[in-house]
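Data block below; observations after.
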Amino acid sequence: MTMRLGADALVAAIGDAVAPFGLNLVGVARPAAYEALVPPAYRLGTMPSSIVVLGNGGGGFWAAFRDHIGRSPEAAAREHPLDDFTRELMATTVLPVLARCGVAGVPRLPFDDLQPPLSFVHLAEAAGLGRRSLVGVLLHPEFGPWIALRGALLLDVPTSAARPAAGFDPCTGCHERPCIAACPTAAVSVSGWSAESCAAYRVAETGRCDDGCHARLACVYGRAHRYPSDAIAYHQRRARAVMERVLAGRRDSDPPRS
């Protein structure tokens, strides 16, 4: 049996379904607003009516993932266990909501290989879920830098949601800027985050910043919502591996495919 819900009710139904898994950020981006922000390579092509953006603020999503691998220890041994958990959650929890509501939607994930690629940072900005910061990550008015985007739904119906970061301009009004002083390699400045400087510093010596990004940890926003230490370490190790592959590719004209 299907039922057709109004725009706000549909977003609320999706939010209710994912809330037990720590996905407490649900926003809506207008496709035209997203397209105005991104380079041509990231434009949508076929335009949906709306885009629902799903994310987490704080450590609830990590807690749900931890429970998941506790019940299924073999999942932790996979190459990308958190990505697999996200994909499973989208398939078993989110898409059934759309089916019950009679809504057609295309799920997208930050790590999928579908074309055209989506910029989830720009999606979040278009949805009013965060603003880019000097540290290079999104900032949310409540959760600070402790948010992440987990998925999106390209829908055939218009929807709407609250925009908590509308008008939010955190770094301009932050006079302390402890993030700049905290970075051990000056990768964070008033001009923003230098991915090249950060990567070069981290891969030069094993263990550098593996326990956390000093600049992110120093941010004055959202400190009460900091990720658990094991979550921070997990993401930092993954980021290091990506940095190593990127830098190796720049040094090798024909790097091996991983």
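Quick note: the coordinates plus some simple rules give every number you see, no bench work behind them. Because the structure is a prediction, the values reported are computed rather than measured. Positions of Cβ are backbone-derived with ideal geometry, glycine not excepted, and every protein chain shown enters the neighbour counts.
Data overview
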| item | result |
| --- | --- |
| Modelled FRET efficiency - R0 25 Å, Leu247 with Asp211, Cβ distances, 0.05 increments | 0.75 |
| Stokes-Einstein diffusion coefficient of the range 134-192, Kirkwood radius over Cα pairs, 20 °C, 1.002 mPa s, in µm²/s | 153 µm²/s |
| Residues in the range 78-115 reached by a label modelled at Ser72 [backbone nitrogen below 13 Å; 7 Å Cα→Cβ] | 78-93 |
| Value of relative contact order over the range 7-155, rounded to a whole percent, pairs C-alpha under 8 Å and six or more apart | 34 percent |
| The chain, dipole about Cα centre (Lys/Arg Cβ +1, Asp/Glu Cβ -1), debye to the nearest 20 | 200 debye |
| Length released on extending from Arg223 to Ala104, taking residue separation times 0.36 nm less the Cα-Cα span | 39.0 nm |
| Where the Cα pairs of the chain fall when distances are cut into 10 Å bins, in % | 7, 27, 35, 24, 6, 1 |
| Normalised contact order of the range 178-250, rounded percent, pairs of Cα under 8 Å and 6 or more residues apart | 35 percent |
| Fully extended contour minus Cα-Cα distance, from Ala36 to Asp84, at 0.36 nm per residue | 14.2 nm |
| Protection proxy ranking, peptides 97-108, 49-60, 31-42, average beta carbon neighbours within 10 Å, highest first | 49-60, 97-108, 31-42 |
| Student exercise, the range 97-228 dipole from Lys, Arg, Asp, Glu Cβ charges, in Debye to nearest 20 | 260 debye |
| Fraction of alpha-carbon pairs over 23 Å apart in the range 107-229 - percent | 39 percent |
| Taking all pairs of distinct alpha-carbon atoms in the range 178-250, Kirkwood radius in angstrom | 12.8 Å |
| Calculated [θ] (222 nm, deg cm²/dmol) that DSSP helices of n ≥ 4 give over the chain, each run adding -39,500 (n - 2.57) | -10500 deg cm²/dmol |
| Globularity index of the range 1-97, i.e. its alpha-carbon radius of gyration over 2.2 N^0.38 Å | 1.27 |
| Relative contact order for the chain, counting Cα pairs under 8 Å that sit 6 or more residues apart, in percent | 22 percent |
| Most mobile of Ala75, Ala17, Ala124 in a GNM of the chain (Cα contacts under 10 Å) | Ala75 |
| Relative packing of 182-190, 110-118, which averages over residues the other C-beta atoms within 10 Å, highest first | 182-190, 110-118 |
